[in-house]
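Chemist: Can you keep this structure in mind? I'll have questions shortly.
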Amino acid sequence: MKEILAIGSIALDDVETPYGRRENAVGGSLIYFSYAASIFSKVALVGVVGKDFPQETLKDLEKRGCDLEGVEVKEGLSFRWAGVYRKGEEDPQTLRTQLGLFGSFQPEPPASYLKTKILYLGNLSPSLQLSLLKKIDHEIAAMDTMNHWIEGHRKELLALLEKVNILFINRREAEMLSGESGSVPACYKLLEMGPETVVVKRGESGAFLCSQRIVSALPAYPVREVVDPTGAGDSFAGGFLGALSRGEALSKALAVGIAVSSFTVEAFSVDRLSTVSKEEVEGRLRKLRAIVSF
């Protein structure tokens, strides 16, 4: 049985922020998630890349204990995204999206992947997420989504929500999907749609979690310079599920997700995230605990 099985995108990004510009930066939901989750747990990956993707990144993930049997390296181009983060704006302006091999991606997990403790379904079409959910034996299923699926595939998405344990979603998408105004009302409404736990990612305002058992909210860790926000949400999910796989409670997992994602934004791509140790995460958890104590 795998500890965590993650399925999602692997990409090359051209990113511009007020702190600079980086071309051909490694990215994609699967990369950010796996670097974060592998701080705590073993991760098996399912994804597709072209020969243009740097092999040293894949080798680095293997050194961290990740299982890459499910990553296909094919002739062709990797998924590419280009965007700009303007000063004072939380969301990027997308300049270019080229799906490449990811556009025809039909995940076929190896036989050894068909049983896992935690299944993470990254940002894929709801119909594809649902087929994978049925195919893979799991204890906990978690998923992410985006406005494109909310707007154009709502029926399939609602059917999927009834079958997952944890939904990760950002504030604006939570409002869009729930029809509620405000992340807290939206979170409770989404909980009624089926997931056992809903986690609303609120950027620099932190995160809000609600489930049938607990409600928890934490601020973001105060990072002095947000160099590149790309991948913060995916690394948050990786930290959260990595902690959950170690037996941590939901409230602790929420704090770990916030702490881990705070490292991601300190540099472009996975430059900072790839060097983070458990001890560094624990250090930020202690500081976060001090911030919320009074």
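Chemist: Could you tell me how many of the residues in the range 101-121 are free of Cβ contacts under 8 Å to residues at least 24 places away in the same chain and surrounded by 14 or more Cβ atoms within 10 Å (Cβ to Cβ)?
Modeler: Qualifying residue count, the range 101-121: 1.
Chemist: Something else now. Considering only residues that are on the phi > 0 side of the Ramachandran plot and under 17 Å from the mean Cα position of the chain (by Cα), look in the range 179-223 and name the one that is surrounded by the fewest Cβ atoms within 10 Å (Cβ to Cβ). Full working, then the answer.
Modeler: Looking only at the range 179-223, we keep the residues that are on the phi > 0 side of the Ramachandran plot, and these are 179, 182, 194, 203, 206.
Checking which are under 17 Å from the mean Cα position of the chain (by Cα) leaves us with 203, 206.
Working: GLY203: 17, GLY206: 19.
Ranking the candidates gives GLY203 first.
Chemist: Something else about it: Return the total of residues in the range 227-265 being part of a helix (DSSP H, G or I) and either surrounded by 24 or more Cβ atoms within 10 Å (Cβ to Cβ) or not hydroxyl-bearing (Ser, Thr, Tyr) (or both). If you could, list the steps in order and put the result at the bottom.
Modeler: Looking only at the range 227-265, we keep the residues that are part of a helix (DSSP H, G or I), and these are 232-245, 250-264.
This time we only want the ones that are either surrounded by 24 or more Cβ atoms within 10 Å (Cβ to Cβ) or not hydroxyl-bearing (Ser, Thr, Tyr) (or both), so: 232-244, 250, 252-264.
Qualifying residue count for the region: 27.
Chemist: Taking the condition in contact with a Ser or Thr (Cβ under 6 Å, 6 or more places away or on another chain) and under 30 Å from ASP137 (Cβ atoms), does PHE105 pass?
Modeler: Working: in contact with a Ser or Thr (Cβ under 6 Å, 6 or more places away or on another chain): no; under 30 Å from ASP137 (Cβ atoms): yes.
Judged against the criteria, PHE105 is not a match.
Chemist: In the range 8-22, how many residues are under 17 Å from the mean Cα position of the chain (by Cα) and in a loop (DSSP other than H, G, I, E, B)? Let's see the steps before the verdict.
Modeler: So in the range 8-22, the residues under 17 Å from the mean Cα position of the chain (by Cα) come out as 8-13.
If we keep only those that are in a loop (DSSP other than H, G, I, E, B) as well, we get 8-10.
Number of matching residues: 3.
Chemist: I'd like the full set of residues that are modelled with pLDDT of 95 or more and either among the hydroxyl-bearing types (Ser, Thr, Tyr) or over 16 Å from VAL198 (Cβ atoms) (or both), limited to the range 136-159.
Modeler: Of everything in the range 136-159, those that are modelled with pLDDT of 95 or more and either among the hydroxyl-bearing types (Ser, Thr, Tyr) or over 16 Å from VAL198 (Cβ atoms) (or both) turn out to be ILE136, ASP137, HIS138, GLU139.
Chemist: Next question, about the same structure. State all residues of the range 37-87 that are closer than 27 Å to GLY247 by Cα, in contact with a strand residue (DSSP E or B) (Cβ under 9 Å, 6 or more places away or on another chain) and part of a helix (DSSP H, G or I); if no residue qualifies, say none.
Modeler: Across the range 37-87, the qualifying residues are ALA37, LEU61, GLU62.
Chemist: Taking the range 266-285 as the search range and keeping residues that are over 12 Å from ALA36 (Cβ atoms) and without any contact (Cβ under 8 Å) to a residue 40 or more places away in the chain, which one is surrounded by the most Cβ atoms within 10 Å (Cβ to Cβ)?
Modeler: LEU285
Chemist: What pairs come up if the first residue lies in the range 88-100 and is in contact (Cβ under 8 Å) with a residue 12 or more places away in the chain, the second is small (Gly, Ala, Ser) and in a strand (DSSP E or B), and their beta carbons are under 7 Å apart, counting only those six or more places apart or on different chains?
Modeler: Taking only residues 6 or more apart or on different chains, the pairs are PRO92/GLY83; THR94/GLY83; LEU95/ALA82; LEU95/GLY83; ARG96/ALA82; GLY100/GLY50.
Chemist: Same structure again: May I ask you to say which residue of LEU5, LEU12 is surrounded by 24 or more Cβ atoms within 10 Å (Cβ to Cβ) and in contact with a Leu (Cβ under 7 Å, 6 or more places away or on another chain)? Before you say what the answer is, go through the steps one by one.
Modeler: Working: LEU12 fails: in contact with a Leu (Cβ under 7 Å, 6 or more places away or on another chain).
When all the criteria are applied, what remains is LEU5.
Chemist: Something else now. From the list ALA36, ALA25, exactly one residue is under 19 Å from the mean Cα position of the chain (by Cα), at pLDDT 95 or above, more than 30 Å from GLU248 (Cα to Cα) and crowded, with 18+ Cβ neighbours inside 10 Å. Which is it?
Modeler: Working: ALA36 fails: more than 30 Å from GLU248 (Cα to Cα).
After ruling out the rest, the residue left standing is ALA25.
Chemist: While we're looking at this one, here's another question. For residues that are farther than 25 Å from GLU173 by Cα and in contact with a helix residue (DSSP H, G or I) (Cβ under 6 Å, 6 or more places away or on another chain), scanning just the range 71-100, find the one that is surrounded by the most Cβ atoms within 10 Å (Cβ to Cβ). Outline the logic, then answer.
Modeler: Filtering the range 71-100 for residues farther than 25 Å from GLU173 by Cα gives 71-78, 100.
Those left that are additionally in contact with a helix residue (DSSP H, G or I) (Cβ under 6 Å, 6 or more places away or on another chain): 74, 76-78.
Numbers: LYS74: 13, GLY76: 15, LEU77: 18, SER78: 27.
Ranking the candidates gives SER78 first.
The values are calculated or read from the model by the stated rules, or taken from the named source; none is laboratory data. Note that the structure is predicted; figures quoted are calculated from it, not measured. Note that each Cβ is placed from the backbone with ideal geometry, even for glycine, and that neighbours are counted across all protein chains shown.
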